[in-house]
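Asker: Sharing a structure below in C-alpha cells format, with a few things to ask.
The values are calculated or read from the model by the stated rules, or taken from the named source; none is laboratory data. Because the structure is a prediction, the values reported are computed rather than measured. Methodologically, a virtual Cβ is constructed for each residue, glycine included, from the backbone with ideal geometry; neighbour enumeration extends over all protein chains shown. These area figures cover heavy atoms from the full protein model, side chains too; ligands, DNA and RNA do not enter into them. Shrake-Rupley method; radii C 1.70, N 1.55, O 1.52, S 1.80 Å.
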Amino acid sequence: MSLKSKIHSENLPKHIAIIMDGNGRWAKEKGFLRVFGHENGTKSVKTTVESCAELGIENLTLYAFSTENWNRPKLEVKTLMQLLISSLKKEMNTLQKNSIRLNAIGNLEHLPARVRKELLHVIDETKNNTRMTLTLALSYGSRDELVNATKQICDKVKNNIISVENIDETLINQHLYTQNLPDVDLLIRTSGEKRISNFLLWQIAYAELYFTDVYWPDFTNENLYEAIINYQKRERRFGKTSEQLH
Ligand code: IPE
Ligand code: IPE
Ligand code: MG
C-alpha cells in the first residue's frame, strides 16, 4: 500500500506551514558551498507545493527568509534573493497550471526592489486562482509581525476608530500579516532542529508539530505524506478531554 493512499481526504490539515531548514548542512556534508544547498532546496519547494495542491491542502505557508536571516553573510543573502527572483519567474506557470494563488507575509518593504517587483507581479497574476494559497514568509519574523499589529491597533484607538474594549483575539488576528489565513494545523520543520525560530508564534497556538531529521533538499513527497499521516493519527483536543470528543 502506498503512503499516499493511507491519507484520509476527510481529515486533511487546512493549513500546513513548513520551516524549510538544513540547506547549508546538506551542501556542506557533500563538500559544496551552502548556496548549492539553497539551489537544491528550490526543487523540494516545487514538489511540495505541487503535492499539497494535488492532495487538496488549501493553505501552505513556507518560511523562506526570516528577519534574522538578514544577518547572514552578504553573499549568501544576495544569492538567496537572486534564487527567489529566478524561482518566481520559473514557477509562475506551475502556479497557474495548478490554480495556486501566491501570497506573501513579512516586512516586504525590506526586500530589494527587484525582488518585491517580481513577487508582486506573480501575486497579481495568480490572484484569481482558487485551489490553494501558497504563502511565502519573506523577511518574516513573528515578533516583528506582533509589533506591527500593535502599532496599527494603537493608532486606531488613538484616532477613535476603535476603543480598547474592541480589542479581542479576532481583532489582533485581523492585524497580522496572516489576516486572511486560518490557524496552522500542522507545522513541519526539517533538518532535526526542534525550535520555532520566530515563525507564526500566534498562529501555531494549537498546531500539531512535526519534526524530521531530513534536510530540506532531500525532503520528498513521501516525507510530506508521512507527516500528514502522522498528523491524522493525533487527537486534537483543544483543551477538552478525550471523552468529550467521542
Ligand atoms: C534553510 O536552510 C534556508 C534558510 C534559512 C534561508 P539553512 O540555510 O538554515 O541551512 P542550515 O540550517 O545552515 O543547514
Ligand atoms: C529558520 O531557519 C528560517 C527559515 C527556514 C527561513 P534558520 O536556519 O534561520 O533558523 P535558526 O537560526 O537555526 O533557528
Ligand atoms: Mg538553518
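Asker: State all residues of the stretch 56-78 that are more than 11 Å from ligand 2 (Cβ to nearest atom), open to solvent by 30 Å² or more (accessible area, probe 1.4 Å) and in a helix (DSSP H, G or I); if no residue qualifies, say none.
Answerer: Answer for the stretch 56-78, where residues must be more than 11 Å from ligand 2 (Cβ to nearest atom), open to solvent by 30 Å² or more (accessible area, probe 1.4 Å) and in a helix (DSSP H, G or I): LYS74, LEU75, LYS78.
Asker: What residue, among those in the stretch 79-105 that are among the β-branched types (Val, Ile, Thr) and either closer than 20 Å to GLY24 by Cα or under 16 Å from the mean Cα position of the chain (by Cα) (or both), is surrounded by the fewest Cβ atoms within 10 Å (Cβ to Cβ)? First the steps, then the outcome.
Answerer: Our first condition is that a residue be among the β-branched types (Val, Ile, Thr); within the stretch 79-105, this holds for 79, 85, 94, 100, 105.
Checking the rest, the ones that are also either closer than 20 Å to GLY24 by Cα or under 16 Å from the mean Cα position of the chain (by Cα) (or both) come to 79, 85, 100, 105.
Values: THR79: 18, ILE85: 15, ILE100: 22, ILE105: 21.
Across the stretch 79-105, the extreme among qualifying residues is ILE85.
Asker: Give SER2, SER9 a once-over and let me know the one that is open to solvent by 20 Å² or more (accessible area, probe 1.4 Å), closer than 29 Å to LYS233 by Cβ, in contact with a Gly (Cβ under 7 Å, 6 or more places away or on another chain) and more than 11 Å from ligand 1 (Cβ to nearest atom).
Answerer: On the way: SER2 fails: in contact with a Gly (Cβ under 7 Å, 6 or more places away or on another chain).
Step by step, each of SER2, SER9 is checked, and only SER9 is open to solvent by 20 Å² or more (accessible area, probe 1.4 Å), closer than 29 Å to LYS233 by Cβ, in contact with a Gly (Cβ under 7 Å, 6 or more places away or on another chain) and more than 11 Å from ligand 1 (Cβ to nearest atom).
Asker: If you take just the strands (runs of 3 or more DSSP E) that sit entirely in the stretch 129-218, which of them hold at least 3 residues that are of a type in the set (A, V, I, L, M, F, W, C)? Don't jump to the end; show me each part of the working.
Answerer: Working: elements: 132-140, 186-189, 208-211.
Of the strands (runs of 3 or more DSSP E) lying wholly inside the stretch 129-218, those with at least 3 residues that are of a type in the set (A, V, I, L, M, F, W, C) span 132-140, 186-189.
Asker: Identify all residues within the stretch 18-55 that are more than 19 Å from LEU75 (Cβ to Cβ), surrounded by 14 or more Cβ atoms within 10 Å (Cβ to Cβ) and within 16 Å of ligand 3 (Cβ to nearest atom); write none if there are none.
Answerer: Those that are more than 19 Å from LEU75 (Cβ to Cβ), surrounded by 14 or more Cβ atoms within 10 Å (Cβ to Cβ) and within 16 Å of ligand 3 (Cβ to nearest atom): ILE18, ILE19, MET20, ASP21, GLY22, SER44, VAL45.
Asker: Take the residues of the stretch 153-206 that are under 23 Å from ASN59 (Cβ atoms) and small (Gly, Ala, Ser): which is surrounded by the most Cβ atoms within 10 Å (Cβ to Cβ)?
Answerer: SER191
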